[in-house]
Amino acid sequence: MSTFQAPKGTYDLLPPRSATFLAVREAIAAPLRNSGYGYVETPGFENVELFSRGVGESTDIVTKEMYTLTTKGGDQLALRPEGTASVLRAALQGNLHKAGLLPVKLWYSGSYYRYERAQAGRYRHFSQVGAEAIGAEDPALDAELIILADQAYRTLGLRNFRILLNSLGDKECRPVYREALQAFLRGLDLDEETVRRAEINPLRVLDDKRESVQEQLTGAPMLRDYLCDACKAYHEEVRALVTAAGVAFEDDEKLVRGLDYYTRTTFEFVHDGLGSQSAVGGGGRYDGLSEMIGGPALPSVGWALGVDRTVLALEAEGVALDIPAATSVFAVALGEEARRVLFGKVTELRRAGVAADFGYGGKGLKGAMKDANRSGARFAVVAGERDLAEGVVQFKDMASGEQTAVPLAELVDTVRARLA
Ligand code: AMP
């Protein structure tokens, strides 16, 4: 072990588990790529104000969890705690939002940073794959995103997840509700911090996980009873489209989520095998965010799915992804001359698109065959001085153990034929 360890709340992705992470990212991205979403990549850090204005001054993410830094030049930056604000900023800066081109549909994959209390499933560095559909108010877009996330989870083989759905209203009806809720909360017996939260962001109190708070919330005014007609109709249409797609969801009136920018549709994907960190993904509509960061009105909707927790969910369900062996052919050379020749053949195989590896380190037959086994290769190619003198290599089927001599000149064609 070295003197150094990965920082608290972080961990390294190492083989073989890292292959599952790649497969999860790919499985989430595939339905997006297949549905008109283009790839976007933004910097790992942004001007800190993008997040304080975008995500919200009163959220935990901004007040407690952001990694901020001042550069030598005096710029105030923050490691990105989430993807939506950055992606919207990039779309605006890149002028992707010109009339006629809307909605702009983008997907991304990357690392995010939050200074959280580290525990199982909650890290300070984590991975998300996300999607944003920018610049259209259309319930079919909200439905599309929910359906695509469901498709991603199902292709991975996940079963024990649930979709929670709610509407947070819009700038017409939410303020009225906010006031009614605030009046109710003022009558409760809450600790100082919660009282403060009730004044800044009362909806978040609904989300409080503590029993002592939840008990007191019975009888609280519910947003459902305050939704304006437009929000009600919009939400009904989203529900109808998702239902028609055969995707089951639960209405959850208390689903608020920890980011201030959400309006109307909000949803979360929860997995029941993960204990307290049960949210594997979440998202919603953020019709006001563009204006909050200085852009034009651009009603939008998006989600982010957590890669780390999706992997944990797979492990909790005992789902092993079908990950093909990385190596198809493993070459073992005995002696210097064979080493040069087989190394050349491995290069040739790789250039022909065959996944090939080579026994390095001069281990001798036994040790090198162990490496061949470990690689998961279907075939081993073994050659010593005598084989080369005869112009052949030994071609071994690792599953059956069957071994045949193959002329050196025919090796690449033989391998390709046997793999096909
Ligand atoms: P959020 O932006 O908080 O809605 O997060 C979206 C998804 O990202 C969550 O459902 C989690 O799967 C994942 N996520 C968020 N924060 C963390 C974290 N600290 N550690 C691991 N995954 C996280």
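In the set (1) open to solvent by less than 10 Å² (accessible area, probe 1.4 Å); (2) under 39 Å from the mean Cα position of the chain (by Cα), A383 fails one condition alone, (2). Among residues of segment 302-316 being surrounded by fewer than 23 Cβ atoms within 10 Å (Cβ to Cβ) and not hydrophobic (A, V, I, L, M, F, W, C), the one that is farthest from the ligand (Cβ to nearest atom) is E315. On the stretch given as segment 54-77, residues that are away from the ligand (no atom under 11 Å from the Cβ), closer than 21 Å to V40 by Cβ and either at pLDDT 95 or above or of a type in the set (V, I, T) (or both) total 1. Exactly one residue out of V62, V24, V48, V55 is touching a strand residue (DSSP E or B) at 6+ places or on another chain (Cβ under 7 Å) and crowded, with 18+ Cβ neighbours inside 10 Å: that is V48.
Only one of the numbered conditions (1) within 15 Å of the ligand (Cβ to nearest atom); (2) among the charged types (D, E, K, R); (3) modelled with pLDDT under 95 is not met by R80, and that is (3).
Within segment 278-301, being under 24 Å from I163 (Cβ atoms) and either of a type in the set (S, T, Y) or within 10 Å of the ligand (Cβ to nearest atom) (or both) holds for S278, A279, V280, G281, G282, G283, G284, Y286, S300. For the condition small (G, A, S), open to solvent by less than 40 Å² (accessible area, probe 1.4 Å) and within 16 Å of the ligand (Cβ to nearest atom), G376 does not qualify.
The values are calculated or read from the model by the stated rules, or taken from the named source; none is laboratory data. Computed from a prediction, not measured in an experiment: that's the story for all the values here. A quick note on method: Cβ atoms are made from the backbone with ideal geometry, for glycine too, and the neighbour counts reach across all protein chains shown. Only protein heavy atoms, including side chains, enter the accessible area calculation; ligands, DNA and RNA are left aside. Shrake-Rupley method; radii C 1.70, N 1.55, O 1.52, S 1.80 Å.
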